[in-house]
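Contents: one structure, followed by commentary.
Nothing in this text is a laboratory measurement; each read-out follows from the coordinates by a stated rule. It should be emphasised that the depicted structure is a prediction, and the values quoted were computed from it without experimental measurement. Don't worry about glycine lacking a Cβ; one is built from the backbone with ideal geometry, like all the others, and counts go over all protein chains shown.
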Amino acid sequence: MNARTTNNSSAEDALITIENLEFGFSRELIFKGMSLIIPRGKVTAIMGPSGCGKSTLLGLIGGRLKPKRGSINFAGRRVDKARGKNLYALRREMGMLFQNSALLTDLDTFENIAFPLREQTALPEEIIRIIVKMKLELVGLRGAAELQPAELSGGMARRVALARAIALDPRLVMYDEPFVGLDPISMGVIVKLIRELNDALSLTSVVVTHDVQEGLSIADYVYILGDQNVLGHGTASEIQNSEDPMVRQFIQGLPDGPVPYQYPANPYADDLRHD
Amino acid sequence: MVRYRISTRLIPMPMIYAMIRTIGELGARTVGMVRWAGKGAGFLLPSFLGMLAVLRRPRLIIQQLYSVGVLSMVIIVIAGFFVGMVLGLQGYIQLSAYKAESALGLGVALTLSRELGPVVTALLFAGRAGSALTAEIGLMRATEQLAAMEMMAVNPYERVIGPRFWAGIISMPLLAAMFSVVGIYGSWLVGVGQFGIDHGIFWSTMEAGVDFGEDILNGVVKSAIFGVVVTGIALFEGYYAKPTSEGVSRATTRTVVNSSLCILALDYLLTSLMFAGPA
């Protein structure tokens, strides 16, 4: 199957449609007139240099940030217009894995995963216990149910957070830099989990990362962000063979190129001469 | 047409720049203060709604009552005992000069229930529980726990802020009452035990002179108000703390300083409203 045709076909196969997005924390814009489509059932990687707004994009999709202009559609509903109860109803269909796992430090592993179930459902204790055990088994940590968050390694904490993110069986899971700060084994585990969970639970996954190798290896479809917009998109091989100089610089990790090595400054000689 | 011009010969340019900068800074500070007040109002409304919502889940409030109230008991009891002993000692020295040491019990009881109980308890509470609340919530913000809750469709105002607010408001009057009771026993120990005031007189002047509505109830109202103020400031500072170690440390300091100042200023206001009203 060709992801590009999926992407171009229509909004039918899109879980998220972003159109003409404009956003900035201050007067300076992070996104300007950006449009992109997250295909349903696929793993989509959002890549780009630090500070290009990758994590901000997840905030916008989750409705934690509101765009200045444009629309964000999630399964046919406008996230950017939703407020209060409607927004919470949308979020119940989303799971999110935060960069530093964001486990609740006053609860143990079991209770962390039970947390969304206890908050959102009126399930009896026995059912909650079974669901939590199942989610823990999915990430291979059924034996760690009694551990406190402080006792977990970075990789384990991320897996617990992942189990928590899928506790309510969402349609979408968003990963914010899931590969940062992991040893090679934990990295392999997370890569495997993202793929397997996506296919086994028929999720849609959005992986935000600046890790080119892992990002390209895992993704069905790739967006490269930068310069307030989408620099390039396509399947992993399309991106790798891209002719676009900015995409090439990012993929190949060249220190200098269209994205300059130097932060904008006065001429060097002038700077040394003055006081 | 007359044109006014600042002569750069009379006022040098750097001075003009400095003036402009000063005016600008003044404006920025004013805007900052207004923004802060707006933020505070924007925090109080959802907090209040969160407090109403959490009433359906008393277990969350009870958990917080333990960490906010019960864990503050030790410091309150010890402080109350020593404050009472000092009151007994100083009170006895002054009163005995007029041969009025029999009024010690009454004097101590009034001082504690009307003023020192609520005020000192609130100050200690700000240092013990307020700072802890700010640091806890500030770190929850810094480690994205609050954002994670929002993404799990859990309202942090209901789950985090509401129960803590209730715990602060409920435990403050109880702690203040405890402080006063222990303080009275401290002064009893000094007055009756050390200086030999008659045991019966010590208690009976108190019984006759302390009015439940006028003294005890006003003290309870006062400390409940202090509970709202201290807990509110602590939660607000934590919620809006910069998500860095420096930001959390600054927010914690601000909680203790601001709530202490608020307590002392409010105490004067409340005292003049409660006890100096039209006779």
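Sparsely packed loop sites in the stretch B:69-133 (the trypsin sites (Lys or Arg not before Pro) outside DSSP H, G, I, E and B with at most 15 other Cβ atoms within 10 Å) comprise B:Lys99. At an R0 of 35 angstrom, the distance between the Cβ atoms of B:Trp36 and A:Asp227 translates into a FRET efficiency of 0.50. The C-alpha atoms of chain B define a longest principal axis, and helix B:13-54 lies at about 50 degrees to it. Report the FRET efficiency, 1/(1 + (r/R0)^6), for A:Gln120 and A:Arg142, where r is their Cβ-Cβ distance and R0 is 22 Å, rounded to 0.05. According to the calculation, E is roughly 0.45. Sparsely packed loop sites in the stretch B:29-79 (the trypsin sites (Lys or Arg not before Pro) outside DSSP H, G, I, E and B with at most 15 other Cβ atoms within 10 Å) comprise B:Arg56.
Listed here are the pairs A:Lys32/A:Lys66; B:Lys39/B:Lys242; A:Lys42/A:Lys192; A:Lys42/A:Lys81; A:Lys32/A:Lys68; which of them are more than 20 Å apart at the Cα? The answer is A:Lys42/A:Lys81. Taking a ≥ b ≥ c as the square roots of the eigenvalues of the Cα gyration tensor of chain A, is the shape rounded (a/c under 1.5), prolate (a/b larger than b/c) or oblate? Prolate is the answer for chain A, as a/c is 1.5 or above and a/b outweighs b/c. Annotation: extensible slack from A:Ala89 through A:Ser217 equals 42.8 nm (criterion: 0.36 nm per residue apart, minus Cα-Cα distance).
For chain B, the longest principal axis of the alpha carbon atoms and the long axis of helix B:131-142 meet at an angle near 30°.
Please work out the Cα center distance from the stretch A:128-158 to the stretch B:175-196, rounded to the nearest Å. So the two Cα centres are separated by 53 Å.
The distance between label points at A:Ser50 and A:Glu238 comes to 3.0 nm (points 7 Å beyond Cα on the Cα→Cβ vector).
Treat the count of other C-beta atoms within 10 Å as a stand-in for reagent exposure and order A:His233, A:His210, B:His199 from fewest to most. Walk me through the intermediate numbers first.
Working: A:His233 22, A:His210 18, B:His199 13.
Ranked by crowding around the Cβ, least crowded first: B:His199, A:His210, A:His233.
Starting from the Cα gyration tensor of the stretch B:58-273, take the square roots of the eigenvalues, sort them a ≥ b ≥ c, and report rounded, prolate or oblate (rounded when a/c is under 1.5, otherwise prolate if a/b is larger than b/c, else oblate). Prolate, because a/c is 1.5 or more and a/b exceeds b/c. Given axes a ≥ b ≥ c from the Cα gyration tensor, I'd like to know whether the stretch B:16-173 is rounded (a/c under 1.5), prolate (a/b larger than b/c) or oblate. Since a/c reaches 1.5 but b/c is at least a/b, the shape of the stretch B:16-173 is classed as oblate.
What number, rounded to the nearest 500 deg cm²/dmol, is the helix-based mean residue ellipticity at 222 nm of the protein assembly as shown, given -39500 (n - 2.57) per DSSP H run of at least four residues and division by all its residues?
Details: 22 runs with 304 residues, N = 554.
Estimated from H runs of four or more residues: -17500 deg cm²/dmol.
About its Cα centre, the dipole of the protein assembly as shown is roughly 1380 debye, where the only charges are +1 on Lys and Arg Cβ and -1 on Asp and Glu Cβ. For chain B, the longest principal axis of the alpha carbon atoms and the long axis of helix B:199-209 meet at an angle near 50°.
Loop by DSSP (not H, G, I, E, B), at most 11 other beta-carbon atoms within 10 Å: where is the longest site-free stretch of chain A for chymotrypsin sites (Phe, Trp or Tyr not before Pro)?
Working: sites that count: A:Phe25, A:Tyr261.
Here the longest segment lacking exposed loop sites spans A:26-260.
Would you mind ranking A:Asp169, A:Asp271 by Cβ crowding within 10 Å, fewest neighbours first? The partial results should precede the final answer.
Values: A:Asp169 12, A:Asp271 9.
The order, fewest Cβ neighbours first, is A:Asp271, A:Asp169.
Hey, quick one: spin label on A:Leu65, modelled 7 Å out along Cα-Cβ, who in the stretch B:223-267 has an amide N within reach, i.e. under 20 Å? It comes to B:240-244, nothing else. Checking every one of the GluC sites (Glu not before Pro) in the stretch A:72-175 against DSSP loop status and a limit of 14 other Cβ atoms within 10 Å picks out A:Glu146.
Approximating the spin labels as points 7 Å out from Cα along Cα→Cβ, the B:Thr244-to-A:Met134 distance works out to 4.5 nm.
A dipole drawn for the stretch B:58-273 from +1 and -1 charges on Cβ atoms has a positive end, and of B:Ala103, B:Val248, B:Val190 the residue lying farthest that way is B:Val248. Note that the stretch B:168-180 has calculated 3J(HN,Hα) couplings of x, 5, 6, 6, 4, x, 5, 5, 5, 4, 4, 4, 5 Hz, one per residue in order, obtained from phi through the Karplus relation 6.51 cos²θ - 1.76 cosθ + 1.60 (θ = phi - 60°); glycine and proline are x. For the pair B:Leu10 and B:Met274, a Förster radius of 45 Å applied to the C-beta separation gives a FRET efficiency near 0.15, rounded to the nearest 0.05.
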